[in-house]
Structures are given as structure tokens and as C-alpha cells.
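See below for the structure under consideration.
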Amino acid sequence: MQPAPADPFRDYNPGPYFCELTRARPGDGDAAETLRRRIGMIGLDALRARAVAAETELVNLGITFTVYSEASAIDRILPFDCIPRVITAAEWRRLEAGVQQRVAALNEFLHDIYHRALIVKNGVIPGELVFGNANFRPEMIDFPVRFGTYVHICGIDIVRDGAGEFLVLEDNARTPSGVSYVVENRHLMSRSFPDLMAGLRLRPVDDYGRRLLHAMTEIAPQGVDDPQVVLLSPGIYNSAYFEHVFLAREMGVPLVEGADLVVEDERVFMRTTAGRRAVHTIYRRIGDDFLDPTVFRPDSLLGVPGLIGAWRRGNVALANVVGTGVADDKAVYAYMPRIIRYYLGEDAILANVQTHICREADGLACTLANLEQLVVKPVGESGGYGITIGPRATRAQIEAARAALLADPANWISQPVVSLSVGPTLTESGIRPRHLDLRPFAVTGRETWVLPGGLTRVALKEGSLVVNSSQGGGSKDSWVLEEPLP
Amino acid sequence: MTAGRETPLLARYAEGLFWMARYLERVENLARLIDVTQTFEAAGREDESWFALVRINADEEEFARRGEAASAEAIKRFYLLDATNPTSIPASLNAARYIARTLRPLISTEMWMQLNVFHRDMTSIDPISLAGDRLSRLCWRLKEGVQAHTGITEGTFFRDQGWLFYQLGRLIERADQTTRLLDIRYHLLVPAAGREERRVAELAQWGAVLRAAAGYHAFRRVAPPGFTPRDVVAFLLTDPDFPRSVRLCVEQVEWLLGQLRGRYGLRAAVRPLERIEELRAALLSRPADRIVADGLHQFLDAMQRDLILLASEIGTAFFRDWRPLAQMQEQRQTA
């Protein structure tokens, strides 16, 4: 008889961090403990073998993103960690409400700044931050948007501090990606680790495509009976192409590229075998700048000449609407608690990470004085680029950050280092704590629906706080437990 | 005639399906050709035997650009390893996978997955697999890979107009490849000894051509006793039931175009259908003896040209509204 494998959690120690699996939380119905025990029964060796097989399956399925270096393009999988992150029903209730509140505020804010801009007139946010923002689109002023929904698809990055408090790190109101991994990770878990899931009551994630299509149908121009929805992708060389494929398939709509569309008489058509066919809603995964070479960047080959004209005529709906980037700017982020209070008359359900705005004298002074303790971020970048984490930085890196700050203070914010929560993660040295975040996805047409859970990203390097896929991050399945049975 | 469900198909997808199928069919047929060349290899004159392959693919120029002597080894590498040769197996697989990526929203996950893995395995062939008896096994794996693709497609791909375009590409390529397979005889060496010896050697070669087309046993079932080479020619060109005969391919193409016109209301199918009429007339108006007597090679050349015209007619009819996408797809056609 084989001896039972040693408990792989024996040496597991999350230290000062909040652990998303081993920390006891009320009302989880023992699910986390069950999961921990099951992992223990599988044992480290078998777990590793199965994890390798699961990742091979991702390669074969081509569930990949593309990394571009100077000379080459390599298809990579998003590394997959087989130990899920567990979110209790109570935690999810709070997260869901917080995300809905945040999306509502973002949409109110966008509607306001593109109409009367009362929030600026009332002095809640500096006008310069809004109107001087590179993502502010004058074309949007007074433009009517159905249901006042500007941000149809929103991803909100949420972390958890040492006390277990959820904090919003960032809003993604342009073209947030990652939702395909949420669904594919769940499918992979059910194929590769059915024994971990057996009998646990988890909120399903399969409904995303149907909800998304429904919202895209709702926002189509009024008077169209059976709207044709398409997903507009930059094409197979885009790093998120797999996700575009996934979304088009889940919605059952064509994935089009710019050259598939043509605008005539301010109407958008796609080129089919039977000639041209009208298009009514475009879920575009192309940045504002590239949408229409006749209006924005003239060198864009990805877009559709005349698209913005057709859209302004109300003949086609775009999701997300043009000009939402002004709302997810890192500088505007700092004002989100005030923005929520201003429009909704409520406190933010999910707090922000404390943020110093370096465009303001106080914020800059405070940042410069505490560079060693703070995370300094450029306001316009995404993907984790350009960040300096003070406590981890070398002398030279600190000085480089100081120089950059002084050169252009308005380009920077700073935040204290958040002790991100951890989850047990399979590593070469066994099961070890690794830092996590969570990106829930909200879909809004007439109303907002939040996909249960979201994308859990994990920083696979020991001690690393950067979870971005471009910088060595991986992902985990995110389990939202059903409400306990009465 | 009933109109089908309103499922619009992007012209780009239709073109992609057409060409993906063509490239994969080409891989299978090239593997068949390589296999039969190996079998034909005349002892002591291997290089000449292999050069027949270059000629029937009309690749003399492309090969000459490599600046290599036309050795058997160089030609095998040219077709099995050299992705810069547009008619090679790795080039066809690269093209098929590239297109499949653009078609992922449409094709089944299983189709994509098999092709993804097949492509990976077959574009990293170890040169040692080209040597000796391994070559035949490699050809077998290539054929089997495409056949797996075909089977998965048959069992999982939705049968709307996309399927029709996929089949169109496959069948036009297959017809073209059968004419090339037949043509190999023209380029091959036959021992110049006595009449009887020559007759036997020729029959052996035709037997190998039939085997390469997977038609040997079917032919034996329908062939007259004491069959001659022209019976083989007639079988591969005009047999109504053999899946690789030019006639059956052309008739299926006609059916597919009819479906596009009738079921999906694509009136543009009319022009390609007219081409089919001409093709069929050329194919069936003369008995095989006459074709052989008048010059089989010239006949096959004309047939290949007609198939190219048919393909371009289909392009104009259905893909025209899509901006020209693929120079690479024309390379072979203009070669």
C-alpha cells in the first residue's frame, strides 16, 4: 500500500497577509476547508502532473495571448494555477453591490462631463483633469447615448489589504480584457480537477455571452427590430485575439475586422457572400484612436472610414462609447469616492486605495518625501508598466522615479503599498502564498449585471505584487459560493 | 426552393474556409505524391525520379532559386521541410493554420485544436524522418492528420453555407491534385527494354498511381479483365463513384454551387456553374483512348487551367466584396 501523500499545506504560511483560502470566514459553509483537504488528498506530485496536463491543454486549445518583443511574436498561455480562489457569498454580495455602484457613478460622470459638466462647475473635480485629459472626446459633447450607458463593459481591479478589506485599485472603462479566462479557467477546472469541485455549490460563469449579447441588443439604435451585433477586432495579431474569438462565439455574432465593414450613406454594413448587410451594434475591441481614420488617427488601418459619422447619425451603436477613457484615468480615479457621493449621494461601498495626486502641490510634496514607502504610477499607462514600488526599488530606481515626477508631476499618482492578499499557489517549492487581485466584469445595457467572481490574477514570482500577464502573472479560477441553504 | 435561415456569412470567412480546405487537401495529396515517388524511385536514377515531382508541381523555377543540385534529398527537403517554398507541406500547413486562426469564431473548437497540434507536429519534422523507410511513415502521418481533420470537420462543423465553401475548396483542390497525380506518369521514366517488359513496368507504375490515389482496389473491382493504362486514366478522370475522380469532384462542386444558389439565394453562383458545364463537357465528350491518343499531358494541363478559372470565378462571385486578402493564396495559382 502506498503511504498517504504528505499534507502539502504543512509548510504553508501566509505570514502577515490575508489568505483567501485558509483564513476562516463566516458563512463559507466549510467549502474552503473542503477544498484544502481535497488538495491535500491529491498530494503534491499528482497535483503537479495534473497541472502540467491542464496547461498543455490550454496550449493545444490555443487559449493564448501574444507577447511581442522587438523581433518576434510568441503565443503564450496565461499561466494557470490549479488552486482556486474562494469568494464567499457574503463577500460577493458586497463586491457585486460595490461594482454596480461604481459603474453607475462612472456612467453618471461621463454623461455629466459630456453635457453640462456640473461636477466641474461645482468644483468637485478640476476641469483640467477632465477637459485636458487626452481621452476626453469633444465629439461626445451633447451626444445622446441610450440609457445613459457609456461604459457597457467594465472591469474593476480590486485588491484586498491585510485586514481583508476590499479596495479598488483601478477602473477599466475602455476595453477591459480577461473575461475569456474566467470562463475558460472554469471549464478547465471542471475537466482537469472535477474532484476538487464535486458537490460544492458554485455560482456559474457561463452566462456571460448571453448577457453581453442581450446588452448589445438593448443598446442598438431605436427602431431596429432584430439588430445585427458584431465584434470588431484588430485581427489575429492582437494580443487579446483569443478573447475576441471567445466573445464572438459566446454571443454567436460575427467577429469582423475593419476591412469587413463599409460605411455608405452613414450606415454601416458588413461584407458577406450575399453582398452587404446592415450592422447595428459594434462591440469594438479597438481603441478610440483607431476606430475611424477619417476622424482620429489617419494612419489607422484597423478602423472603418466613416464609422464615427454613422455613429453620430445614430445609425450604429458602439460599445463602449467613444471617450470613456477619461473616466478610468488614474488621476480621475483619485476622485472616485467624491464622484460616487456627488452623483449617488452614497458612500463608496468599495473604498479606493489612498491616492496622492501629484498634480496637486500637497500630493507631490508628500510623494517626494515618502518615495521609499510609496508605489508611484503613471496615470496613462496600463499593463503594469512604468510603476516604481518604493520599498522594493533600488536607490537608482527611486532617483529615476523622482526625476520623472519632477519633470511632469501631473503624469503621476502615488499610493501606499497595499499588502495584497494571497492565495495558496502551486510553485516549484510546493504550495506557497502568492499575491492576488480580482477583476470583476460588469455588463450594462439598461441595467448592470456583474459576472459572479471575475478574473483572479496571481503574481507567480515570490513576493511580487505585479499580477499583469505581461509581467509574469498567471490566473486562477475564482469560485463564488452560492448563498448558504436555509 | 426554400430560403435557408438568415445566417449571413462574411465574405472573408467564406474565402478563408475555401482556402483552408484547399491547403489541407493539398497537404494530403502532396504526401500521396511523395509516397508514390518513393515507390517509383528508379534504382540508380533516384534524382531523376524525384525531379518528376518538381515538374508536376510546376516548381522548376522555385526550386532552381535554391541553387541546389536536384538531388533526391534536396527535393524531399524542398517539399517536406522548406517553409519558404510556397508549395511545400510546411508552407501549406502554415497557411492553413493562419487561416484557421482567422476562422476560429466559426469553426469548431475540435477542428481548431486538431489543426493546431497537427501543425505544430508537422512543421517541426526532424530531417531524419525523411530518410529510408521513415519517409513512408511520415507520409502516412501526414495523410492521417488531414484525414483526422476531415473527419472532425464532417462530424462537428455546422452545415450552413460555410460548409459549402469549405467543400468547394476541398473538391476543387482534389480535382486539381488528381490531374497532377495522373500527370506524374508523363514525367516518369520507363525502362526502354523489350515491349513486354515495358508493358509490365508501365502497369506497375499505373498500379502505384492508383494506390497513391487510394483507388487501387476500387479500380480492380470495376476494371475490365486485361485492363490497359487507358482504363486507369478513364477511372481517375471520369469514374462516377470514385471519390478522387475528377468527374465526381466536379459534379459535387456543381451540387454545392447549386445549393448556394438555391438554398441561400446566392445568385452569383450562376457564373461558376457555367464554368462547370464547360469543364464537364471537356471531361466527358471524348473517351479515354482519344484523350490519351491526343496527348494526356496537354489534356491535364487544360483541365488544370479550367479549374483555376473556376476558382477565380468563385472568388469573383462570392469573395469579391471583400478586399483582396491573400497574395499568398494566389502564388500557387499563378505559378
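Which condition does B:Ala95 not pass, out of (1) of a type in the set (A, V, I, L, M, F, W, C); (2) out of contact with any Pro (no Cβ under 9 Å at 6 or more places or on another chain); (3) assigned to a helix (DSSP H, G or I), if it passes all the others?
(2)
Taking into account only those residues within the stretch A:244-262 that are in a strand (DSSP E or B) and buried (at least 23 other Cβ atoms within 10 Å of the Cβ), which is farthest from the other protein chains (Cβ to nearest Cβ)?
A:Leu261
Quick check on the stretch A:286-327: of everything there that is surrounded by fewer than 22 Cβ atoms within 10 Å (Cβ to Cβ) and charged (D, E, K, R), which residue is farthest from A:Phe109 (Cα to Cα)?
Filtering first and then ranking leaves A:Asp299.
Among what's in the stretch B:256-285 and is under 17 Å from B:Ala311 (Cα atoms) and exposed (fewer than 14 other Cβ atoms within 10 Å of the Cβ), pick the residue that is nearest to the other protein chains (Cβ to nearest Cβ).
This residue is B:Arg267.
Going through the stretch B:42-64 one residue at a time, which ones are within 20 Å of B:Val27 (Cα to Cα) and part of a loop (DSSP other than H, G, I, E, B)?
B:Asn57, B:Ala58, B:Asp59
If I ask for residues that are crowded, with 19+ Cβ neighbours inside 10 Å and within 23 Å of the chain's Cα centre (by Cα), which ones from the stretch A:191-208 would you list?
A:Leu202, A:Val205, A:Tyr208
Among helices (runs of 4 or more DSSP H) lying entirely in the stretch A:1-116, which contain 2 or more residues that are under 30 Å from A:Tyr342 (Cα atoms), aliphatic (A, V, I, L, M) and in contact (Cβ under 8 Å) with a residue 40 or more places away in the chain?
A:89-113
Quick check on A:Leu200: is it within 11 Å of chain B (Cβ to nearest Cβ) and either part of a strand (DSSP E or B) or of a type outside the set (D, E, K, R) (or both)?
no
I'm trying to understand the selection: among the residues of the stretch A:440-486, which are among the small types (Gly, Ala, Ser) and assigned to a helix (DSSP H, G or I)? Full working, then the answer.
Here is the first cut: in the stretch A:440-486, the ones among the small types (Gly, Ala, Ser) are A:442, A:445, A:453-454, A:459, A:463-464, A:469-470, A:472-475, A:478.
Scanning the stretch A:440-486 gives A:Ser469, A:Ser470.
Quick test of your reading of the structure: A:Asp112 fulfils all but one of (1) at pLDDT 95 or above; (2) within 18 Å of A:Arg85 (Cα to Cα). Name the failing condition by number.
Going through (1) at pLDDT 95 or above; (2) within 18 Å of A:Arg85 (Cα to Cα) one by one, A:Asp112 breaks only (2).
Conditions tested, residue by residue: (1) touching a helix residue (DSSP H, G or I) at 6+ places or on another chain (Cβ under 9 Å); (2) among the basic types (Lys, Arg).
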{"position": "A:Val417", "(1), (2)": "yes, no"}
{"position": "A:Gly423", "(1), (2)": "no, no"}
{"position": "A:Arg434", "(1), (2)": "no, yes"}
{"position": "A:Thr448", "(1), (2)": "yes, no"}
{"position": "A:Pro452", "(1), (2)": "yes, no"}
{"position": "A:Gly463", "(1), (2)": "yes, no"}
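Would you call A:Arg277 within 14 Å of another protein chain (Cβ to nearest Cβ) and either aromatic (Phe, Trp, Tyr) or part of a strand (DSSP E or B) (or both)?
yes
Can you name the condition, by its number, that B:Thr37 falls short on among (1) surrounded by 16 or more Cβ atoms within 10 Å (Cβ to Cβ); (2) modelled with pLDDT under 95; (3) more than 18 Å from B:Gln177 (Cβ to Cβ)?
The one condition B:Thr37 does not meet is (3).
Identify all residues within the stretch B:201-248 that are among the aliphatic types (A, V, I, L, M), over 15 Å from the mean Cα position of the chain (by Cα) and part of a helix (DSSP H, G or I); write none if there are none.
Those that are among the aliphatic types (A, V, I, L, M), over 15 Å from the mean Cα position of the chain (by Cα) and part of a helix (DSSP H, G or I): B:Ala201, B:Leu203, B:Ala204, B:Ala208, B:Ala218, B:Val222, B:Val232, B:Val233, B:Ala234.
In this structure, does B:Glu154 turn out to be farther than 15 Å from B:Ser92 by Cα, surrounded by 13 or more Cβ atoms within 10 Å (Cβ to Cβ) and free of Cβ contacts under 8 Å to residues at least 40 places away in the same chain? Walk me through how you get there before you give the answer.
On the way: farther than 15 Å from B:Ser92 by Cα: yes; surrounded by 13 or more Cβ atoms within 10 Å (Cβ to Cβ): no; free of Cβ contacts under 8 Å to residues at least 40 places away in the same chain: yes.
Taking the combined requirement at face value, the residue does not satisfy it.
Can you find even one residue in the stretch A:209-230 that is within 13 Å of chain B (Cβ to nearest Cβ) and buried (at least 23 other Cβ atoms within 10 Å of the Cβ)?
Yes, the stretch A:209-230 has at least one match.
Exactly one of these conditions fails for B:Leu164: (1) within 14 Å of chain A (Cβ to nearest Cβ); (2) over 18 Å from the mean Cα position of the chain (by Cα). Give me its number.
The single condition B:Leu164 does not satisfy is (2).
Please pick out the residue among A:Asp288, A:Asp265 that is in contact with a Phe, Trp or Tyr (Cβ under 7 Å, 6 or more places away or on another chain) and more than 10 Å from chain B (Cβ to nearest Cβ). Working first, answer last.
Numbers: A:Asp265 fails: in contact with a Phe, Trp or Tyr (Cβ under 7 Å, 6 or more places away or on another chain).
The match here is A:Asp288.
Does B:Gly226 meet the test of being away from chain A (no Cβ under 14 Å), surrounded by fewer than 21 Cβ atoms within 10 Å (Cβ to Cβ) and either farther than 26 Å from B:Glu28 by Cβ or at pLDDT below 90 (or both)?
yes
Could you check A:Ala404 against (1) touching a Phe, Trp or Tyr at 6+ places or on another chain (Cβ under 8 Å); (2) buried (at least 17 other Cβ atoms within 10 Å of the Cβ); (3) of a type in the set (A, V, I, L, M) and say which number it fails?
Every condition holds for A:Ala404 apart from (2).
The values are calculated or read from the model by the stated rules, or taken from the named source; none is laboratory data. Predicted model, so just to flag it, every value in this text is computed and none were measured. Don't worry about glycine lacking a Cβ; one is built from the backbone with ideal geometry, like all the others, and counts go over all protein chains shown.
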